[in-house]
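Written below as structure tokens is the structure these notes are about.
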Amino acid sequence: MPMNAAESLLSTGDDRQIALECGEARMTYSELRDAVSRAAAAWRGLGLETGDRVLVFAPDSIDWVIAYLSAIWAGGIAVGLNSRLFEKDLSTVLADCGARFAYSDPTGTAMLRQLLAGKSGALRIVDRDEAHSLWDGASAIATEQRPEESPAFWIYTSGTTGVPKGVVHAQRAVIETGSFAQSVLGLDARARVYASSKLFFAYALGNALFAGLRLGATVVLDAEWPTAERVADIVERHQPSVMFSVPTLYLKMLQAGITRRLGGVRHFVSAGEVLPSNVRRLWKEATGIAPVSGYGASETIALLLYCNDDSKLLSTLQESSKRMV
């Protein structure tokens with residue numbers, strides 16, 4: 001059945017509901033749908049054809065989301081990249097994915113141009129300033145409907161076991177991304193969702209951005225790299241009701257003594273690595289809320305296993321990991 005993943009993600013939210021927050025910037029669902037459809041027209045105007053890969057190589061922001069979703073809206077394939085990739089890994093990705101277009105911030109643009117200097121057939125780089133000019137001058141277009149099994153986005157693995165590998169996800173992959181948040185955490189459109197991890201990471205992309213949009217909730221973004229103090233600042237400023245983070249950062253927040261600044265968060269979720277039982281216990285003692293420990297992968301986007309029982313936490317995740325390998 002034909003569909004478009006970007007359209008599916010943006011189909012639920014109420015027009016007046018805030019979809020995205022990043023610093024002082026806010027964007028409603030109505031504004032986001034309009035921005036994505038106009039940016040899609042801009043990609044088409046630059047020559048994007050169905051199936052072309054579009055790199056998004058920049059820190060998290062509302063513009064990141066627009067560039068990413070608009071590529072899918074236009075019939076392309078979005079590829080989010082770690083904005084801190086080393087040149088070697090970035091070169092590997094460029095050679096592997098065969099992207100024709102890229103959206104990037106000034107730092108990313110300089111790095112891409114340096115790597116591509118003197119090479120023929122180089123990808124078309126659209127920096128932040130040009131993107132705004134193109135988007136503002138474009139008219140909204142309808143989505144490119146694609147077979148549900150056709151690719152919508154790629155996620156690159158971290159490369160810890162070798163070179164980064166592109167995991168291809170179909171249009172239909174976004175349909176159930178809100179299931180964990182809804183059925184396990186009980187979230188709905190009133191939720192305010194924040195992930196300390198960045199959007200190039202499947203954990204944040206699927207469980208914060210995609211899930212939040214599917215629920216019609218508000219997704220909180222941050223351009224800065226996460227530290228214990230930075231996470232506390234974001235929570236105090238934006239008051240998320242659910243936070244997705246990783247065990248290492250939960251431990252650092254405990255060590256920094258900033259858990260008292262996280263009031264208002266009703267659900268804490270941990271993934272990305274095994275959550276030690278002592279970290280979970282200390283977190284519960286400090287906040288009154290035990291983190292739900294989840295398991296997912298670049299291949300699944302959303303969390304597919306979870307555990308909220310202290311006595312079973314480590315054994316459940318370790319056994320699950322063995323079965324998934």
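The values are calculated or read from the model by the stated rules, or taken from the named source; none is laboratory data. These numbers were taken from a predicted model, which means no experiment stands behind them. Cβ atoms come from the backbone with ideal geometry, glycine included; neighbour counts cover every protein chain shown.
Points worth noting:
- Residues that are at pLDDT 95 or above and among the polar types (S, T, N, Q), drawn from region 183-224: Ser196, Ser197, Asn207, Thr218
To keep it simple, each residue is scored yes or no on (1) over 21 Å from Asp60 (Cα atoms); (2) buried (at least 24 other Cβ atoms within 10 Å of the Cβ); (3) in the same structural domain as Leu9 (by TED's automatic domain parsing).
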position	(1), (2), (3)
Asn207	no, yes, no
Leu221	no, yes, no
Glu229	no, no, no
Gly257	yes, no, no
Arg260	yes, no, no
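- Of residues in region 174-198 being among the aliphatic types (A, V, I, L, M) and surrounded by fewer than 22 Cβ atoms within 10 Å (Cβ to Cβ), the one farthest from Ala297 (Cα to Cα): Ala189
- Some residue of region 145-168 being among the charged types (D, E, K, R) and in contact with a helix residue (DSSP H, G or I) (Cβ under 6 Å, 6 or more places away or on another chain): yes
- Restricting attention to region 45-96, the residues being out of contact with any Asp or Glu (no Cβ under 7 Å at 6 or more places or on another chain), among the charged types (D, E, K, R) and not in a helix (DSSP H, G or I) number 4.
- Answer residue from region 144-165, given it is within 21 Å of the chain's Cα centre (by Cα) and among the polar types (S, T, N, Q) and is nearest to Gly76 (Cα to Cα) among those: Ser150
- Scanning region 203-211 turns up no residue that is under 17 Å from Tyr250 (Cβ atoms), touching a Pro at 6+ places or on another chain (Cβ under 6 Å) and among the aromatic types (Phe, Trp, Tyr).
- Taking each residue of region 242-271 that is over 18 Å from Ser197 (Cβ atoms) and looking for partners that are in a loop (DSSP other than H, G, I, E, B) with beta-carbon atoms closer than 6 Å, six or more apart or interchain, yields Gly264/Gln239; Arg266/Ser241.
- Verdict on Ala110 being assigned to a helix (DSSP H, G or I), touching a Phe, Trp or Tyr at 6+ places or on another chain (Cβ under 7 Å) and outside the structural domain of Phe210 (by TED's automatic domain parsing): no
- Evaluation of Lys119 against the conditions (1) in contact (Cβ under 8 Å) with a residue 40 or more places away in the chain; (2) exposed (fewer than 14 other Cβ atoms within 10 Å of the Cβ); (3) charged (D, E, K, R) shows that the sole unmet condition is (1).
- For region 1-43, a tally of residues being outside any loop (DSSP other than H, G, I, E, B) and either in contact with an Asp or Glu (Cβ under 6 Å, 6 or more places away or on another chain) or more than 22 Å from Gly76 (Cα to Cα) (or both) returns 12.
- Some residue of region 91-114 being closer than 29 Å to Pro240 by Cα and free of Cβ contacts under 8 Å to residues at least 24 places away in the same chain: no
- Among the residues of region 263-282, those identified as over 18 Å from Glu236 (Cβ atoms) and surrounded by 14 or more Cβ atoms within 10 Å (Cβ to Cβ) are Val269, Ser270, Ala271, Gly272, Val274, Leu275, Pro276, Ser277, Val279, Arg280, Leu282.
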